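Colleague: My questions will all concern the structure given below.
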Amino acid sequence: MDMINEGALLEIDRLAVEFDTRRGVVYGLRGATLSIGRGETLAIVGESGSGKSVTAQAVMGLIDVPGRISGGDIRWKGETLLGPHGSRAARDIRGKEIALVFQDPMTSLNPLMKIGVQIGEVLRRHLGMSESEAHSRVLELLEAVGIPAPPRRAAQYPHELSGGMRQRVMIAMAIACEPQLLIADEPTTALDVTIQAQVLELLAGLQQTLKLSVLLITHDLGVVAGLCHRIAVMYAGRIVETGLADDVFNRPAHPYTQGLIRSTPRLDDHTDRLVSIEGAPPNMLAPPTGCAFRVRCPLAEARCEQEPPLVQSRTGATVACWRPDEAAWGIPAATPQARVKGNGYYDQMVAEYQPASVPAEAAAAASRPPVTPLLSVRDLGVDYEVSSPGFWGKARKISALKGISFDLYPGETLGLVGESGSGKTTTGRAVLRRLEASEGRIYFKGQDITNVHGDELRQLRRKMQLVFQDPYASLNPRMKILDIVAEPLIAHGVVRNSDEAREQITELLRLVGLSRDATDRFPYAFSGGQRQRVGIARALALKPEFIVADEPVSALDVSVRAQVVNLLQDLQKELGISYLFIAHDLSVVRHISHRVAILYSGRMVEIADRDSLYEHPRHPYTEALLSAVPVPHPETQRARKRLVYRGDIPDVSHWPAGCHFHGRCPLADERCSLQAPPLQGKADHLVACWHR
């Protein structure tokens, strides 16, 4: 059955793309077929490596050596864009009739060219405008995408704009020639949730105004639910399901689609545990025959070793599966990590992690925390010294954090949430003593650690560890996993070399769900989720009582994210570890945290137990954050009231006086602009707002 609609604007027909590498041929696309009509928004969703971005690159003619289009066709209004004839026609079509917005605007904009010059270049190339005509049109475009003070912004360089503004510039450049199709490749992935809401609102408005067709590439099903008419689900280089958004969300026909939807965290889901798709996508150097999802599918049977036909489900969706329209496949409740058998190292870890004075159930019952906190932070402030411009410029202090106070109890997870630049990572580094506090005190197990140094600080670091955001960047690519995990053990004198710790490390890797043979492999041989598990194993090696998890799942696919979140919860229940969980994804924070603290511009604006904060937010900024989080369900998302507050978080070098949020807050009055409100209220729910 053909998935191409008659009269479609863009048709991708059995497209195959291959990449030559030193390890062999990587099959990026393996017969992908889809189409998009006029005025339609179609989303392509799937895990990393499924072929989503390769599809966009192929349409825009960006597949270059060592890649090649090895089969199929791409047609625009019925005419091919491939081959010698198609290539000549495509040069005028791409950029003018078909435009592309990339994921990271900073890598797409020329850092040496002013914003106005870069947008004007598109107008002069495709529309033949003069310099003055292009300049006038640039100002109109910047205003159309909601950038304030267009003349000033047009004269600035990309680094002088915020992430949200840079993405708006990319959209302005894309719509400069009034294209008929806009391809948006993960346009909101690198943005904070409030800025994401603004960009999505902008895209929806532009589509209606300009009658655009939009091909949206994303892994965020919440974004899809609120914006798209149809959805195409991609796995291992092929489209496995295509249908109307409401039908795909309400009655997914392919097991992979069902797995993606179920593993997506939701604000309106009160369960603690996430459902995950076990396993990982296949290696595209040697993709499996037949249905590529069969090795992860609970419905797999013998005939799945053959390529499934494209059939139409009862809802009208097109699905590649031998068993479409089956009842929702049962996913058993995930269980904690199995106890590891071996030389007793794991049992020793459990015994050492659980002090006799701390109840074992405290890890799972934050409503009854011990009286004595594990970590106490009081009025913490962190200043940076920066040089002023010019040769004779004097260094000046910038306040990154001010007045931060909170407690963290044994076996508890405190979620720390806020936009980029709010001070989340600075807080985590300060409590680990990787940054010096300029004011305030930090107490660990009742001991003031604010100014400890030397051997005392070295011993303290064994009890406090860090899991980084980017697992690949934090693992030495030249070291085997055995040596990476053994590194802290050797540094602290626990063992003399990695071979001496092999059995301990093998059990640590088993604890985080990795096999014994992982020890002798390099980081490149693992998926993103597996590399993050290695990072967690390294953090556990010294048996810490407290871990700062700094955006540990933000770089992971939704299904892998669920696996890692569940793993962290299992480890906490088994070992009683306390987490400071830093994140910008409030859906994930809801599932893993016992209490949540909200930061804005270096100050804490609200802290409460999880359910109280999510169900009864008191600070206007918290309300804006929660309303901006998309829910992966079309009807629910369309019915939600969204509070889209304009503007960006203030620059750290120019914090405003008074409440830092007053410039974006609908409740702000003169008092808010003059005096910073204190954090006050009931002991279990504190808020810094004069109006709440």
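Colleague: Out of all DSSP beta bridges with both ends in the chain, state the antiparallel percent to the nearest 5.
Modeller: Details: 60 of 97 bridges.
Bridges in the chain that DSSP calls antiparallel: roughly 60 percent.
Colleague: Turning to a different aspect of this structure: Using the Cα centre of segment 105-178 as the reference point, and only Cβ charges (+1 on K/R, -1 on D/E), how large is the resulting charge dipole? Debye, rounded to the nearest 20.
Modeller: 180 debye
Colleague: What residues have an amide H closer than 5 Å to that of Leu643, excluding those fewer than 5 places away on the same chain, when H is modeled at 1.01 Å from N in the peptide plane?
Modeller: Ser627, Ala628
Colleague: Could you give the spread of the C-alpha atoms of segment 242-303 along their three principal axes, from largest to smallest, in whole angstroms?
Modeller: 39, 28, 22
Colleague: OK, next. In whole Hz, what ³J(HN,Hα) sequence does segment 112-120 give by Karplus (6.51, -1.76, 1.60; θ = phi - 60°), x for Gly and Pro?
Modeller: Couplings: 9, 10, 5, 4, x, 5, 5, 5, x Hz.
Colleague: Check Val214: other-chain or 5+ apart residues with amide H under 5 Å from its amide H, H built from backbone geometry?
Modeller: Excluding prolines and chain starts, which carry no amide H, the hits are Glu40, Thr41, Leu42, Leu182.
Colleague: Another question, if that's okay. Tabulate in residue order the Karplus-calculated ³J(HN,Hα) for segment 23-38, using 6.51 cos²θ - 1.76 cosθ + 1.60 with θ = phi - 60°, rounded to whole Hz; enter x for Gly and Pro.
Modeller: Running phi through 6.51 cos²θ - 1.76 cosθ + 1.60 with θ = phi - 60° gives 8, x, 8, 9, 8, x, 10, 10, x, 6, 9, 6, 8, 9, x, 5 Hz.
Colleague: Treating segment 1-83 as a set of equal point scatterers at the Cα positions, no solvent, please give the Debye-formula log₁₀ I(q)/I(0) at q = 0.12, 0.22 Å⁻¹.
Modeller: -0.35, -1.09
Colleague: Something else now. With a bin width of 5 angstrom, please list the P(r) values of segment 105-178 as percents of all Cα-Cα pairs, from the 0 bin to the one holding the largest distance.
Modeller: 3, 19, 33, 27, 14, 3, 0
Colleague: Output the relative contact order of the chain, whole-number percent, from Cα pairs under 8 angstrom with separation of 6+ residues. Don't jump to the answer; show the numbers that get you there.
Modeller: On the way: 1385 pairs, mean separation 94.9, N = 692.
For the chain, the relative contact order is 14 percent.
Colleague: Okay, moving on. From the gyration tensor of the Cα coordinates in segment 389-478, what semi-axes in whole Å does the equivalent ellipsoid have, largest first, with each one equal to sqrt(5λ)? Could you put the intermediate results ahead of the total?
Modeller: On the way: eigenvalues 121, 79, 58 Å².
Semi-axes, largest first: 25, 20, 17 Å.
Colleague: If you take the beta carbon distance between Asp520 and Ser438 as r and set R0 to 41 Å, what does 1/(1 + (r/R0)^6) give as a FRET efficiency, to the nearest 0.05? Don't skip to the answer; put the middle values down first.
Modeller: Numbers: r = 45 Å, r/R0 = 1.11.
Computed FRET efficiency for Asp520 and Ser438: 0.35.
Colleague: Sticking with this one: Hey, could you grab the Kirkwood Rh for the chain? Inverse mean 1/r over distinct alpha carbon pairs, Å, one decimal. Write down the numbers at each step before the final one.
Modeller: Working: mean 1/r = 0.0368 Å⁻¹.
Result for the chain stands at 27.1 Å.
Colleague: What are the equivalent ellipsoid semi-axes of segment 177-216, built from the alpha-carbon gyration tensor (square roots of five times its eigenvalues), in whole angstrom, biggest first?
Modeller: On the way: eigenvalues 76, 26, 8 Å².
Those come to 19, 12, 6 Å.
Colleague: Can you give me the three principal axis dimensions of segment 571-667 from its C-alpha atoms, in Å, biggest first?
Modeller: 46, 38, 20 Å, listed from the longest principal axis down.
Colleague: Follow-up. Longer than 32 Å from Cα to Cα, which of Lys402/Lys480; Lys445/Lys480; Lys424/Lys445; Lys52/Lys96; Lys402/Lys445 are they? Say none if no pair is.
Modeller: On the way: Lys402/Lys480 41 Å; Lys445/Lys480 35 Å; Lys424/Lys445 22 Å; Lys52/Lys96 22 Å; Lys402/Lys445 23 Å.
Beyond 32 Å: Lys402/Lys480; Lys445/Lys480.
Colleague: Let me ask something additional. Full extension from Ile398 to Thr189: what is 0.36 nm times the residue separation minus their Cα-Cα distance, to one decimal in nm? Display every interim value, and only then the final one.
Modeller: On the way: separation 209, 0.36 × 209 = 75.24 nm, distance 2.89 nm.
Taking Ile398 through Thr189 to full extension adds about 72.4 nm, to one decimal.
Colleague: Can you tell which of Ala32, Pro158, Pro552 lies farthest toward the positive end of the dipole of the chain, using +1 and -1 charges on the Cβ of basic and acidic side chains (Lys, Arg; Asp, Glu)?
Modeller: Pro158
Colleague: Divide by every residue of the chain the summed helix terms, -39500 (n - 2.57) for each DSSP H run of at least 4, and state the resulting mean residue ellipticity at 222 nm, rounded to the nearest 500 deg cm²/dmol. Working shown, then result.
Modeller: Details: 23 runs with 217 residues, N = 692.
One gets -9000 deg cm²/dmol as the mean residue ellipticity at 222 nm.
Colleague: Between Gln312 and Ala286, what is the spin-label point distance in nm, taking each point 7 Å from the Cα along the Cα→C-beta axis?
Modeller: A separation of 4.0 nm, rounded to one decimal place.
Colleague: For segment 600-612, take each phi angle, set θ = phi - 60°, evaluate the Karplus expression 6.51 cos²θ - 1.76 cosθ + 1.60, and give the result in whole Hz per residue in order, putting x for glycine and proline.
Modeller: Whole-Hz 3J(HN,Hα) from phi for segment 600-612: 9, 6, x, 10, 7, 9, 6, 8, 6, 5, 3, 5, 5.
Each value in this text was obtained by applying a stated rule to the coordinates, not by laboratory testing. Predicted, not measured: the structure shown is a model, and the values here were computed from it. In this analysis, Cβ positions are derived from the backbone assuming ideal geometry, glycine residues included, and neighbour counts consider all displayed protein chains.
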